[in-house]
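Notes to accompany the following structure.
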Amino acid sequence: MFSSRRTLLKSVGAMIALPFLNRREGAQSARAQTPTPEWRFVATVAESCSCDVPCPCNWGSSATRMPCDGNRLISMRSGRYGAVDLTGVAFLITFTMRGWSKIYVSDRVSAAQMTAVEALLPLAFGGFHKGMLSLTKAQLSVEMTESRVAYSVPESSVEMEVLRGTNGKPVKVLNLPNPAYQDYTQYRSVVLRHESADKKFRYSGTTGFTSTMEAGKA
């Protein structure tokens, strides 16, 4: 009798669980089949990391310091994700290379832009998205002049000064192997920091750069 009852309970449990699993798998399948909308953007990238000057990663080599810690600013000059205008969207990525990232999106973005950024992360910033610990809105300040770049959120900040050549002009590099790093100008960090409840780093005198990034899907 008890054996028959256990068999009945298992059967009832399976009958209850099966529709739930089918609904969940159906939702996942629907998301997988939803086509990615057209997207494209042109952005200014400003980054400082813990590598020596210049950062060898941008030349296709390995980092000079591992783990490599850094803060990267993405400031979109123009772009769209489907019907969402990305012009003016900015976010800061704090990271340890091949480890973790925390992404801070400017609190000035709209709800639709925030959703678009979240959708773009695995498409255009897959390396950072893979180890993402958090995606939050934050007060983001940015200052860029000919000689200095500074950007910050409450937990992370960068100040860096342009590196000048013998003629006093900024050091620039053309035709780098990675298309994300074009119109490249070399900087040296004054402050590179992150401080949160679970992560912390601080450097000075390390590499920095600004560049133009273009990416998209027709």
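In table form, for the structure just shown:
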| read-out | value |
| --- | --- |
| Which numbered condition Tyr181 misses (of (1) under 14 Å from Pro54 (Cβ atoms); (2) at pLDDT 95 or above; (3) surrounded by 19 or more Cβ atoms within 10 Å (Cβ to Cβ)) | (2) |
| Top-ranked residue of region 29-57 - restricted to ones that are crowded, with 20+ Cβ neighbours inside 10 Å and more than 28 Å from Gln113 (Cβ to Cβ), ranked as modelled with the lowest pLDDT | Cys55 |
| Condition met for Ser110 (of a type outside the set (Asp, Glu) and either under 23 Å from Val42 (Cβ atoms) or open to solvent by 60 Å² or more (accessible area, probe 1.4 Å) (or both)) | yes |
| Answer from Thr145, Thr96, Thr185 - the residue that is under 18 Å from Val45 (Cα atoms), free of Cβ contacts under 8 Å to residues at least 12 places away in the same chain and of a type in the set (Val, Ile, Thr) | Thr145 |
| Residue identified as open to solvent by less than 40 Å² (accessible area, probe 1.4 Å) and under 17 Å from the mean Cα position of the chain (by Cα) among Thr115, Thr94 | Thr94 |
| Any chance Asn167 is of a type in the set (S, T, N, Q), under 30 Å from Arg80 (Cβ atoms), out of contact with any helix residue (DSSP H, G or I) (no Cβ under 6 Å at 6 or more places or on another chain) and at pLDDT below 95 | no |
| Residue tally, condition buried (at least 19 other Cβ atoms within 10 Å of the Cβ), more than 11 Å from the chain's Cα centre (by Cα) and part of a strand (DSSP E or B), over region 78-91 | 3 |
| Residue, nearest to His194 (Cα to Cα), within region 128-170, restricted to residues that are within 16 Å of the chain's Cα centre (by Cα) and open to solvent by 70 Å² or more (accessible area, probe 1.4 Å) | Leu133 |
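The values are calculated or read from the model by the stated rules, or taken from the named source; none is laboratory data. Because the structure is a prediction, the values reported are computed rather than measured. Reconstructed Cβ throughout: ideal geometry from the backbone, glycine too, with neighbour counts over all protein chains shown. Each accessible area value is taken on the protein alone, full model and side chains, heavy atoms only, with ligands, DNA and RNA left out. Shrake-Rupley method; radii C 1.70, N 1.55, O 1.52, S 1.80 Å.
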